[in-house]
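Right, one structure below, let's go through it.
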Amino acid sequence: MDLLQRPRRLRSTKALRELVAETRISPSQLMYPAFVRAGITAPEPISALPGQYQHTLDSIRALARELVEAGVGGIDLFGVPLPEQKDAIGSNAWAEAGILNQGISAIREEVGDALVICADTCLDEFTSHGHCGVVRDDGTVDNDATLPLYAKMALSQAQAGAHMVSPSGMMDGQVRYIRQALDVAGFSDVAIMAYSAKYASAFFGPFRGAVGSTLKGNRRTYQQDPANRKEGLREALLDISEGADIVMVKPASHYLDVVADVAATVQVPVAAYQVSGEYAMLEAAAAKGWIDRERAIQESLISIARAGADVILTYWALEVAKRSGVER
C-alpha cells in the first residue's frame, strides 16, 4: 500500500514513544496528601486507603524527607485531632499546639524550603458536627460567620511555616478574606491554592474515614452540584479575582471536562485532586487482579495532566516519583 502517513512509526519503540509524548508526568508537579494524627505513637494504616497512613509527628518528618529525596513537589497536610479536641467552631484548627500546626512546623524544621508545604485550611476535621463552618441553629452553615475563622486558621498555618494555604470549605469570599488577613500580617509571600471547583462527590468517602469525620448529613448547600460544569469555571474565576495563586478542581478523574475548561481559560496554574475514592477503587480492582495496577495508575495521572492540570494531588505521588520510565 502506498501510505505516506503512518502514525504507527512513532509508536514502534519505547524510546520513540517517550520522545514524542505530548503529556508527561514529572514528580515535581505532584503533591502528596498526608495525614498527621494526635495521640498515636506509631503510624496507623488507613483501611480504606491501602498503603496510606495517619502519621505521628516523627513519621511525618520521615515522610517529608522521603518526598524530597524522590523529587515530589509538595505535601498537602491534613490534621486529625483527638475527639475531645473538637468543638462547634473547630478552635483546635488555629491553636499553635494543634496537631495540624505542629505537623506543619515539624515538616518545615525537617526539610525547610525543599518541599512545598501546603496546609488544608478547612474546619471539618476540627468541628464536632463535621461541617466546614459555623452551623446555625437550623443546621445550615453560616458562610459569613465562617470567614473570620478561616482567616485565623490560615494565619496560624503561615506562622507555623506553611508555604501555601489551601481553603477547601467552599465558602463564598474565603479567598479574599484569607488573602487580606495574610497580607496585613506580613505573610504576602504565602500562596493560596484554592479548592475552587469542589463538587459534592460520592468519591470522598475513604478520606472522611481517614480524618475521623463526624459529619451527619451532607455538604450539598456549599459544595458544588456534580451536574454543573459552567459553575466550576465561574468559581475558579471568582477565586482568581480574590487573589488565588492556584485554582483546583476536585475530584479529578470524573471532572476532567471542568479541568479542561478551567485550564483553557485561566492564567494561573491549575491543580486537580485525585481523591480517596478514585485511589481506593483502582487499588481494589488491582487487588482483585482485574487491572494492571502500575499501568492504570500512570494512565489515570496522564489523563488528568492531559486535561490541563499543572499540579496533581495524588496518594500515589511518592510511588510514582520513585518509579520512573513506566512504559505506556
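Report, largest value first, the span of the C-alpha coordinates of region 34-122 along each principal axis, in whole Å.
Rounded to whole Å, the extents work out to 39, 28, 21 Å.
What is the packing order of peptides 245-254, 277-286, taking the mean over residues of other C-beta atoms within 10 Å and listing the highest first? Please list the in-between numbers first.
Working: 245-254: 23.4, 277-286: 18.3.
The most tightly packed comes first, giving 245-254, 277-286.
Region 73-98 to region 13-28: how many Å between their Cα centroids?
Answer, in whole Å: 40.
If you roll a 1.4 angstrom probe over the protein chains with everything in place, what fraction of the accessible area of the chain belongs to carbon and sulfur, to the nearest %? Let's see the in-between values first.
Working: 7510 of 14720 Å².
Its accessible area is 51 percent carbon and sulfur atoms.
In Å², what does the accessible area per residue of region 1-112 work out to with a 1.4 Å probe? Don't skip to the answer; put the middle values down first.
Numbers: 6020 Å² over 112 residues.
That works out to 54 Å² for each residue.
Between Lys288 and Leu10, what's the calculated FRET efficiency when r is the beta-carbon distance and R0 is 41 Å? Round to 0.05.
On the way: r = 35 Å, r/R0 = 0.84.
Efficiency, from the Cβ-Cβ distance: 0.75.
Accessible area per residue for region 209-278 in Å², computed with a 1.4 Å probe and the full protein assembly in place, what is it? Display every interim value, and only then the final one.
Working: 3060 Å² over 70 residues.
I get 44 Å² per residue for this part.
Which shape class, rounded, prolate or oblate, goes with region 172-241 when its Cα gyration tensor gives a ≥ b ≥ c as root eigenvalues, a/c under 1.5 marks rounded, and past that a/b bigger than b/c marks prolate? Walk me through the intermediate numbers first.
Working: a/c = 2.65, a/b = 1.45, b/c = 1.83.
Because a/c hits 1.5 or more and a/b fails to exceed b/c, region 172-241 counts as oblate.
Tell me the label-point distance for the pair Glu22, Glu96, using the 7 Å Cα-to-Cβ offset, in nm and rounded to one decimal.
In this crude spin-label approximation the distance works out to 5.4 nm.
Toward the positive end of the charge dipole of the chain, about the Cα centre and with charges on Cβ (Lys, Arg +1; Asp, Glu -1), which of Ala119, Ser253, Trp290 goes farthest?
Of the candidates, Trp290 comes out farthest on the positive side.
What FRET efficiency comes out for the pair Leu3/Asp245, r = Cβ-Cβ distance, R0 = 41 Å, nearest 0.05? Before the final figure, lay out the partial values.
Values: r = 49 Å, r/R0 = 1.19.
The pair Leu3/Asp245 has a calculated efficiency of 0.25.
Identify, among Leu77, Tyr279, Gln159, the residue whose Cα sits farthest towards the positive end of the charge dipole of the chain, taking +1 on the Cβ of Lys and Arg and -1 on the Cβ of Asp and Glu, with the dipole about the Cα centre.
The one lying farthest along the dipole's positive direction is Tyr279.
For n ≥ 4 DSSP H runs only, could you compute -39500 (n - 2.57) per run for the chain, divide by its residues and tell me the 222 nm figure to the nearest 500?
Values: 11 runs with 124 residues, N = 328.
Using -39500 (n - 2.57) per qualifying helix, the result is -11500 deg cm²/dmol.
I'd like the distance separating the alpha-carbon centroids of region 202-224 and region 117-196, in whole Å.
17 Å
Using the structure shown, select from Lys86/Lys152; Lys198/Lys230; Lys86/Lys250 the pairs with a Cα to Cα distance greater than 24 angstrom.
Violating the 24 Å Cα-Cα cut-off are Lys86/Lys250.
For the residue pair Arg234 and Asn218, what label-to-label distance in nm results when each label sits 7 Å from Cα along the Cα-to-beta-carbon direction?
So the two model labels end up 2.0 nm from each other.
Going toward the positive end of the dipole of region 101-228, with +1 on Lys and Arg Cβ and -1 on Asp and Glu Cβ, which of Asn228, Val135, Ala145 do you reach last?
Selected residue: Asn228.
Within 10 Å of each candidate Cβ there may be at most 12 other Cβ atoms; applying that plus a DSSP loop requirement, which trypsin sites (Lys or Arg not before Pro) in region 81-149 survive? Let's see the in-between values first.
On the way: sites: Lys86, Arg108, Arg136; in loops: Lys86, Arg136.
When the trypsin sites (Lys or Arg not before Pro) of region 81-149 are filtered for loop state and at most 12 Cβ neighbours within 10 Å, Arg136 remain.
Quote the accessible area belonging to Asp138 in square angstrom, nearest 10, computed with a 1.4 Å probe and with ligands, DNA and RNA left uncounted.
Asp138 has an accessible surface of roughly 110 Å² with all protein chains in place.
Counting only DSSP beta bridges with both residues in region 1-124, what percent are antiparallel, rounded to the nearest 5? Mind showing how you got there, number by number?
Working: 2 of 15 bridges.
Counting only bridges with both partners in region 1-124, antiparallel ones make up about 15 percent.
Can you give the convex hull volume per residue for the Cα atoms of region 155-299, as a whole number of Å³? Before the final figure, lay out the partial values.
Details: hull volume 20.6 nm³, N = 145.
Dividing the Cα hull volume of region 155-299 by its residue count gives 142 Å³.
Can you pull the percent of Cα pairs in the chain with separation above 33 Å?
On the way: 12435 of 53628 pairs.
For the chain, the share of Cα pairs beyond 33 Å comes to 23 percent.
On a 0 to 90° scale, report how tilted helix 276-287 is relative to the longest principal axis of the chain, with both axes built from alpha carbons and the result rounded to the nearest 10.
It works out to around 50 degrees.
Hey, can you rank 232-241, 216-225, 11-20 by average C-beta count inside 10 Å, highest first?
Values: 232-241: 19.3, 216-225: 14.5, 11-20: 10.3.
So the order, starting with the most tightly packed, is 232-241, 216-225, 11-20.
Multiplying the sequence separation of Val184 and Val268 by 0.36 nm and subtracting their Cα-Cα distance, what value in nm do you get? Walk me through the numbers before you get to the answer.
On the way: separation 84, 0.36 × 84 = 30.24 nm, distance 2.32 nm.
Here the answer is 27.9 nm.
The values are calculated or read from the model by the stated rules, or taken from the named source; none is laboratory data. As the structure is a computational prediction, the values presented were derived from the model and not from experiment. A quick note on method: Cβ atoms are made from the backbone with ideal geometry, for glycine too, and the neighbour counts reach across all protein chains shown. For the accessible areas, the whole protein counts, side chains as well, though only heavy atoms, and no ligand, DNA or RNA atoms are used. Shrake-Rupley method; radii C 1.70, N 1.55, O 1.52, S 1.80 Å.
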